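Asker: Mind looking over this structure? Questions follow.
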Amino acid sequence: MTDEKLIGNLIQELKRGTITLSVLLMSEKPAYGYSLVTEMQAAGIVVEQNTLYPLLRRLESQGLLRSSWDTGESRPRKYYSVTDEGRSTAERLGKEWRRINTAMSRLMEDK
């Protein structure tokens with residue numbers, strides 16, 4: 001494995017949990033998959049569609065998101081929105097994210 005490939009894999013591991021938290025936070029208002037991809041990219045979180053869609057289905061099956069179809073447009077879209085359980089989970093994950101971020105910032109300042 002080349003150094004660049006190794007670094008790329010490690011970065012993917014770091015991003016994995018942040019994408020889940022991001023989706024829960026960004027689904028406060030109903031959003032469809034592609035709109036989430038573009039909103040996340042605008043926020044500086046790059047996610048591929050082939051990563052996002054399985055995640056959306058998993059979060060829905062876990063009861064953290066709900067979905068509904070909008071067939072009023074020329075192209076039907078499946079919208080996702082966070083459930084109460086998803087909102088509570090995002091709050092807990094956010095607290096943990098802040099705790100870890102604070103600890104990592106301290107570690108990085110020492111280097």
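Every number here is computed from the coordinates shown, using simple stated rules; none is lab data. All of these numbers come straight from a predicted model, not from anything done at the bench. A quick note on method: Cβ atoms are made from the backbone with ideal geometry, for glycine too, and the neighbour counts reach across all protein chains shown.
Asker: Please give me the summed charge of the neighbours of Gly33: other residues whose Cβ is under 9 Å from its Cβ, Lys and Arg +1, Asp and Glu -1. Intermediate values should be presented prior to the final figure.
Answerer: Details: positive: Arg77, Lys78; negative: none.
Net local charge, Gly33 excluded: +2.
Asker: A follow-up question, please. Can you give me the Cα centroid spacing of region 89-111 and region 13-69 in angstrom?
Answerer: After rounding, the separation between the Cα centres reads 21 Å.
Asker: Between Ser61 and Leu6, what length in nm is gained on full extension when 0.36 nm per residue of separation is reduced by their alpha carbon distance?
Answerer: Numbers: separation 55, 0.36 × 55 = 19.80 nm, distance 3.19 nm.
Computed gain between Ser61 and Leu6 is 16.6 nm.
Asker: Ranking Trp69, Trp97 by Cβ neighbours within 10 Å, fewest first, what do you get?
Answerer: Details: Trp69 10, Trp97 14.
Fewest-to-most Cβ neighbours within 10 Å comes out as Trp69, Trp97.
Asker: May I pose another question? Go through region 27-111 and name the GluC sites (Glu not before Pro) that are in a DSSP coil and have 16 or fewer other Cβ atoms within 10 Å of their Cβ.
Answerer: Glu28, Glu48, Glu73
Asker: May I pose another question? Which of [x] 211; [y] 128; [z] 95 is the computed volume of the Cα convex hull per residue in Å³ for the structure on display?
Answerer: [y]
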